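Peer 1: First the structure, then my questions, so here it is.
The values are calculated or read from the model by the stated rules, or taken from the named source; none is laboratory data. Predicted, not measured: the structure shown is a model, and the values here were computed from it. Ideal geometry is used to build each Cβ from the backbone, glycine not excepted, and the neighbour counts take in all protein chains shown. When the accessible area is computed, the model is the full protein with side chains, heavy atoms only, and any ligands, DNA or RNA have been set aside. Shrake-Rupley method; radii C 1.70, N 1.55, O 1.52, S 1.80 Å.
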Amino acid sequence: MKFSEFDYQRPNLEEVKNGFLLNIEALKEATTAKAALEAVKAIQTIQKSLETQGNIASIRNSIDTRDAFYEEEMAFWDENTPVIEDWQNDYYKAVLASDFKVQLSEHLSEPFIKMAENSLKVFDAKIIPLLQTENKLSTEYSKLLASAQIDYKGEVYNLAGLAAFQQSTDREERKTVTTLISNYMSENLETLDRIYDDLVKTRHQIALELGFKDFVEVGYLRMNRLDYDRKDVEVYREEVLNYVVPLANDIFKRQANRIGISDMKHYDLPLEYEDGNATPIGTPEEILQAGVKMYHELSTETGEFIDFMVEKNLLDLVTKPGKSGGGYCTYIPDYKAPYIFSNFNGTSGDVDVLTHEAGHAFQVYQSRWVETPEVIWPTYESCEIHSMSMEFIAWPWMELFFGDQTPKYKYSHLASSVTFLPYGVLVDHFQHEVYENPNMTPVERRQTWRELEKQYNPWKDYDGDDYLENGGFWLRQGHIFGSPFYYIDYTLAQVCAFQFWKRTQVDHDDTAWQDYLEICQLGGTQSFLEIVETAHLKSPFGKGNLEAVIASIRDYLDSVSDADLQTK
Ligand SMILES: [Zn+2]
């Protein structure tokens, strides 16, 4: 059955509610483990049906935002999702209070139990008004940034549109455009400061009302950090400062040489090559066919997976009128079908869709056996291991996509992954400072950022840009406003993906693929550190663990000559 034939029906909420209530009651009154498990399974059937319908509506809405039917359906889902979550919370409470919790956890998995406990720890009816304030402030921030209208060369641009010129080969243009963005942020600084200050105070209040010392603890619980804490993260930061920052610094020095600029300024950093970045060859259809060939050659499992995706039309890759922006991978439980959505735009990002998003899709496809919807996917830092590792596992096939620009693509892929790490950790470190010191003024926060930025990103020379020199860079980083403590997840997964890179591309370790496949099949039935162990990877939190893989990356980058990085 093709995606277009997947059936969509708006659920009858009265029936859904009764289904939850009836089975929660049955769970509470169960006198045998078998009866308790039956009630849980009945609720899971309801959950999966809701997720199926909600995801189908959301996918079809994103494919054509002009379709009035699905627009109305999305309004239904937006309005009712919190209501459904409330029933779901009652279900979690009943599981945790059940006499058969131990037996149930065999079916539900240990991470499920911990996540259910977390979700109850960070919620209390008395904080609802504070949560509403928090949401309102986040929305206000997104709207403010999305509404930017900046004049440049007689055209009006939003921030994303303008940012495209930051890669211009004309240095003056890069500088001008970067200054325009700083000016926009600077003009809105008072509002941005007010929004963030209110967010910090609201979140601190939430933490206090829930009985926590500060919001850092709430942030960790919300992100479902199941098996590591602040102390582990502190060790990791040191590792990044000791081993990654020096390599990143050298990568930028080499870039300066390559593009012929001796005094690299912040607006020069986005320009990796004077003759532009590697771009994929061929039409979108040809790129997809190269992906199909790649996955057939990689393994039986990936071959079967990509055929499933193509036959059922579970990929919507190309930009079309009315289609919403960005890209994602999601899952439709009742059809056991992953779905990949993207907007091909002729950059190397198109290939990333077929490696990164397909990595997510392959994981969830391999986890179809998992009956508990909450643990079909693992927590975020683990999810990104599958996607980021697939980007590297796919390296031997990159010539299908990039031809003679392959060395350039690989070099950039690896180098930019290295230079991203310190920034990602900086974003996280900054948020610890912010929420541990909720009474800092906006100016003190910016000073704190700038001091940390000098440690993690010492290559940034702001060339007299006062806004950035005074520590304003982070105000454009949406996660800091909307998803506190999310950012480090990307970096933790990256460190794991580097190890898959080393094992597959440097060591030619035959067991690496088997390990990768195994963690895809686990879904979220293990926690992050358990997944790391199952995959025979080293924990990013262990002292010295980053050193070896960073040394290999340095060797690889050194082995590529700048002549190889020219477009022939
Ligand atoms: Zn991802």
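Peer 1: Among residues belonging to the stretch 325-375 that are aromatic (F, W, Y), assigned to a strand (DSSP E or B) and within 13 Å of the ligand (Cβ to nearest atom), point out the one that is farthest from I306 (Cα to Cα).
Peer 2: For the stretch 325-375, the residue satisfying everything is Y328.
So that you can scan it fast, the table gives a plain yes or no per residue for (1) farther than 30 Å from E286 by Cβ; (2) within 16 Å of the ligand (Cβ to nearest atom); (3) aliphatic (A, V, I, L, M):
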{"position": "F401", "(1), (2), (3)": "no, no, no"}
{"position": "H413", "(1), (2), (3)": "no, yes, no"}
{"position": "D428", "(1), (2), (3)": "yes, no, no"}
{"position": "E451", "(1), (2), (3)": "yes, no, no"}
{"position": "Y456", "(1), (2), (3)": "yes, no, no"}
{"position": "Y467", "(1), (2), (3)": "yes, no, no"}
{"position": "G471", "(1), (2), (3)": "yes, no, no"}
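Peer 1: Please specify each residue of the stretch 381-391 satisfying the condition of being of a type outside the set (A, V, I, L, M, F, W, C) and open to solvent by less than 20 Å² (accessible area, probe 1.4 Å).
Peer 2: E381, S382, H386, S387, S389
Peer 1: In the list P438, P378, which residue meets the criterion of being within 15 Å of the ligand (Cβ to nearest atom), part of a loop (DSSP other than H, G, I, E, B) and open to solvent by less than 30 Å² (accessible area, probe 1.4 Å)?
Peer 2: P378
Peer 1: Then there's this: Give just the number: which of (1) more than 19 Å from the chain's Cα centre (by Cα); (2) open to solvent by less than 40 Å² (accessible area, probe 1.4 Å); (3) at pLDDT below 95 does A337 not satisfy?
Peer 2: Checking A337 against (1) more than 19 Å from the chain's Cα centre (by Cα); (2) open to solvent by less than 40 Å² (accessible area, probe 1.4 Å); (3) at pLDDT below 95, the one that fails is (3).
Peer 1: How about the stretch 186-203: which of its residues are buried (at least 18 other Cβ atoms within 10 Å of the Cβ), touching a Pro at 6+ places or on another chain (Cβ under 8 Å) and more than 14 Å from V122 (Cβ to Cβ)?
Peer 2: Y196, V200
Peer 1: OK, next. Looking at this structure, is E311 open to solvent by 20 Å² or more (accessible area, probe 1.4 Å) and within 16 Å of the ligand (Cβ to nearest atom)? Steps first, answer last, please.
Peer 2: Values: open to solvent by 20 Å² or more (accessible area, probe 1.4 Å): yes; within 16 Å of the ligand (Cβ to nearest atom): no.
The answer is no for E311.
Peer 1: Another one. Please find, among D197, D229, D193, D214, the residue that is on the phi < 0 side of the Ramachandran plot and free of Cβ contacts under 8 Å to residues at least 24 places away in the same chain.
Peer 2: Selected residue: D229, the only one of D197, D229, D193, D214 that is on the phi < 0 side of the Ramachandran plot and free of Cβ contacts under 8 Å to residues at least 24 places away in the same chain.
Peer 1: While we're here: What do you reckon, is Y486 open to solvent by 30 Å² or more (accessible area, probe 1.4 Å) and closer than 15 Å to Y236 by Cα?
Peer 2: Here the answer is no, as Y486 does not meet what is asked.
Peer 1: Being basic (K, R) and more than 17 Å from F212 (Cβ to Cβ) is the filter; apply it to the stretch 115-145 and report the residue that is most open to solvent (accessible area, probe 1.4 Å).
Peer 2: Here is the first cut: in the stretch 115-145, the residues basic (K, R) are 121, 126, 136, 143.
Narrowing the set further to residues that are more than 17 Å from F212 (Cβ to Cβ) leaves 136, 143.
Working: K136: 154, K143: 137 Å².
By that ranking, first place goes to K136.
Peer 1: Okay, moving on. Any residue in the stretch 91-111 that is over 25 Å from the mean Cα position of the chain (by Cα), surrounded by fewer than 13 Cβ atoms within 10 Å (Cβ to Cβ), at pLDDT 95 or above and within 30 Å of F308 (Cβ to Cβ)?
Peer 2: Yes, the stretch 91-111 contains a residue that is over 25 Å from the mean Cα position of the chain (by Cα), surrounded by fewer than 13 Cβ atoms within 10 Å (Cβ to Cβ), at pLDDT 95 or above and within 30 Å of F308 (Cβ to Cβ).
Peer 1: Test Q255 against the stated conditions and say whether it is surrounded by fewer than 16 Cβ atoms within 10 Å (Cβ to Cβ) and part of a helix (DSSP H, G or I).
Peer 2: No, not satisfied.
Peer 1: Just give me the residues in the stretch 200-211 being out of contact with any Asp or Glu (no Cβ under 8 Å at 6 or more places or on another chain) and in contact (Cβ under 8 Å) with a residue 12 or more places away in the chain, in sequence order.
Peer 2: Matches in the stretch 200-211: V200, K201, Q205.
Peer 1: For the stretch 354-373, enumerate the residues that are acidic (D, E) and farther than 13 Å from G523 by Cβ.
Peer 2: Within the stretch 354-373, just E357 meets the criteria.
Peer 1: Quick one: which residue in E173, E239 is under 30 Å from S561 (Cα atoms), open to solvent by less than 70 Å² (accessible area, probe 1.4 Å), in contact (Cβ under 8 Å) with a residue 12 or more places away in the chain and not small (G, A, S)?
Peer 2: Only one candidate qualifies: E239.
Peer 1: Could you figure out which of (1) in contact with a strand residue (DSSP E or B) (Cβ under 9 Å, 6 or more places away or on another chain); (2) at pLDDT below 95; (3) surrounded by 14 or more Cβ atoms within 10 Å (Cβ to Cβ); (4) in a helix (DSSP H, G or I) isn't true of A164?
Peer 2: Looking at each condition in turn, A164 falls short on (3).
Every residue, every condition in (1) buried (at least 21 other Cβ atoms within 10 Å of the Cβ); (2) within 28 Å of S483 (Cα to Cα), yes or no:
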| site | (1), (2) |
| --- | --- |
| E301 | no, no |
| S348 | no, yes |
| Q363 | yes, yes |
| S367 | yes, yes |
| I393 | yes, no |
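Peer 1: Sticking with this structure for a sec: Just the residues that are open to solvent by 30 Å² or more (accessible area, probe 1.4 Å) and over 15 Å from R10 (Cβ atoms), please, taken from the stretch 45-81.
Peer 2: Scanning the stretch 45-81 gives T45, K48, I63, D64, T65, R66.
Peer 1: Six or more apart or on different chains, Cβ atoms under 8 Å: show the pairs whose first residue is in the stretch 461-485 and farther than 20 Å from L145 by Cβ and whose second is among the hydroxyl-bearing types (S, T, Y) and assigned to a loop (DSSP other than H, G, I, E, B).
Peer 2: E469/Y462
Peer 1: Sticking with this one: Just to be sure I understand the filter: pairs with C-beta atoms under 6 Å, separated by 6 or more residues or on different chains, first member in the stretch 539-568 and part of a helix (DSSP H, G or I), second member surrounded by fewer than 15 Cβ atoms within 10 Å (Cβ to Cβ) and among the hydroxyl-bearing types (S, T, Y). Which pairs pass?
Peer 2: Correct list of pairs: empty, since none qualify.
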